[in-house]
1. Which log10 I(q)/I(0) values, to two decimals, does segment 110-216 give at q = 0.11, 0.14, 0.16, 0.21 Å⁻¹ under the Debye formula with one point per Cα?
2. With all distinct Cα pairs included, what does the Kirkwood hydrodynamic radius of the chain come out to in Å, to one decimal, could you say?
3. Angle, helix 136-150 long axis vs. longest principal axis of the chain, Cα atoms, 0 to 90°, nearest 10?
4. Between segment 161-204 and segment 1-76, how many Å separate their Cα centres?
5. Computed over the Cα atoms of segment 50-144, what is the convex hull's projected area averaged over all directions, in nm²?
6. How far apart, in nanometres, would the label points at residue 213 and residue 245 be if each is projected 7 angstrom from Cα along the Cα-to-Cβ direction?
7. Before rounding to the nearest 500, sum -39500 (n - 2.57) across all DSSP H runs of length at least 4 in the chain and divide by the residue total; then give [θ] at 222 nm in deg cm²/dmol.
8. P(r) tail for segment 22-104, what percent of Cα pairs lie past 17 Å?
Ligand code: ENP
């Protein structure tokens, strides 16, 4: 009856399995967590309720049970480049995006919803944002985003896509609406913005232009120390893995000489 995809099959096994994978293998530093209680709290946020009347705070217990601290200088916010962020973050090894925290990890790429007057999940269809914004998935990410931003500290990183038409910094968007407002000014030392174009994509936005300029101005007005870099090299190297022959991926021919530096006397 809804326009969106239904609940992911085997949701319970996936959430509980991902929880154990996270606490035992991906990031044991978070310590002991009760994965079955985390699943129950997750499910109780939306089962037996009108699927269009789920609020972020319905996930409060889920967040309390799955919460852990986020290492300083490791937060990575983003828009419009989920796959790139997944590999760049390296499951928390390089950066810890929301999907690399336990509370984001268990839900990443999944769909879920319940139904009024039934304790069952709806595997046929779930409401889209157009049908109602207070749906189970949207409210989950609103709560998770706000929590993630509140607990981010040190140098904050933001990876934006300079090749998208709708704006590298979309408004409305999770970063604009739930993350920036929840950053704790006294815990954040600096905000580093990276605007990276797709290798074969157009260069629509850059630091200092269009929506990136709007973002830079907003953050500066809020009192943050902001820097912005176009086509940050580390991210480019990762993208270039799939386009080794593209001209944007050529390693500069002067590089070896530069690296060798001045002729040494020994
Ligand atoms: P999209 O639309 O590119 O990608 C949405 C996909 O990313 C969904 O599969 C979603 O899982 C998963 N996902 C991972 N983290 C988030 C998330 N954090 N979030 C919403 N979906 C997330 O991404 P969006 O909607 O623009 O969100 C980007 C936001 O993520 C940025 O604000 C960034 O800073 C933040 P599922 O379960 O829905 O399939 C917050 C909102 O980390």
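Please treat every number below as a calculation from the coordinates, not as lab data. The structure displayed is predicted, hence computed values, not measured ones. Counting neighbours? That spans all protein chains shown, and the Cβs are built from the backbone with ideal geometry, glycine included.
1. These q points yield log10 I(q)/I(0) values of -0.49, -0.72, -0.86, -1.11.
2. With all distinct Cα pairs of the chain included, I get 20.2 Å.
3. Once rounded, the angle reads 50 degrees.
4. Measuring centre to centre over Cα atoms gives 25 Å.
5. Working: hull surface 27.8 nm².
Over all viewing directions, segment 50-144 projects a mean Cα-hull area of 6.9 nm².
6. Taking the two extended label points, one gets 3.9 nm.
7. Calculated from helices alone, the mean residue ellipticity at 222 nm is -8500 deg cm²/dmol.
8. Counting pairs separated by more than 17 Å, the tail of P(r) holds 54 percent.
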